[in-house]
Amino acid sequence: RILKMVNKDKLKLLDDYKRKISKALSHLRYSYEKIKKLPTDAHQLDEEGMETWEGFSARFSRVSDLFMTKYLRVAVAKDDPAFEGSFRDILDRAEKLGLIDSADTWFAIRELRNMTAHDYTEEELSKYFNRLLELVPILFNLETN
């Protein structure tokens, strides 16, 4: 579907995704301000704290999904309408086009996003929270790009 679109349509779609990403980043930043005050140690969290972390995690996933599975896919197709490839291929191509700094980093973000559907021990959850904090600045940098 994306491959058949003309570049004008792709530019409009990219602008639409930029607006959606900007709004999603605003929500993520709001949640980030709340979790900054919370421990990452799941043992120390009450229900409200856990809910706040879960909201942050969901918003992290939303921003990363919008950017990687929507925006980058269209941007790569705009550059090369005949391009076909896996998700990893899209990230590699986006890196070559200068749309992202590191395909490996964005692949790690994708893997982290995929982890949200799993059950965790409290130790694993604490590691997950710390990894979210480690990678969220990369998402926030989307605002300046």
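Values quoted throughout were computed directly from the atomic coordinates according to the rules given, and no laboratory measurement underlies them. Keep in mind it's a predicted model, so treat the numbers as computed, not measured. We place every Cβ from the backbone using ideal geometry, glycine too, and count neighbours over all the protein chains shown.
Numbers for the structure displayed
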item	result
Net charge dipole size for the chain [Lys, Arg +1 and Asp, Glu -1 on Cβ; Debye, nearest 20]	1080 debye
Label-point gap, in nm, between Asn130 and Glu54 - each point 7 angstrom along Cα→Cβ	2.4 nm
At least 15 Å along the helix axis (C-alpha) and Kyte average at least -1.0, DSSP helices within the chain	47-65, 103-114, 122-140
Region 48-72 residues near the modelled Asp15 label - backbone nitrogen below 18 Å, point 7 Å along Cα→Cβ	71-72
Projected label distance in nm at Asn141 and Thr69, using a 7 Å step from Cα toward the beta-carbon	2.4 nm
For region 34-120, size of Cβ-based charge dipole, Lys and Arg +1, Asp and Glu -1, in debye	380 debye
Too-long pairs where the Cα-Cα distance tops 19 Å, listed order kept, from Lys8/Lys70; Lys36/Lys70; Lys12/Lys96; Lys18/Lys127; Lys23/Lys127	Lys36/Lys70; Lys12/Lys96; Lys18/Lys127; Lys23/Lys127
GNM flexibility winner over the chain from Ser64, Ser31, Ser102 (Cα, springs under 10 Å)	Ser102
Label corresponding to Cα Rg over 2.2 N^0.38 Å when calculated from the structure given, among (1) 0.99; (2) 1.04; (3) 1.14	(3)
Computed over the chain: relative contact order in percent, which uses C-alpha pairs under 8 Å that are six or more apart	32 percent
Candidates Glu47, Glu33, Glu95: whichever shows maximal mean-square fluctuation once the chain is modelled as a Gaussian network with Cα springs under 10 Å	Glu47
Options Phe129, Trp53, Trp106, ranked by Cα towards positive dipole end of the chain, top entry (Cβ charges)	Trp106
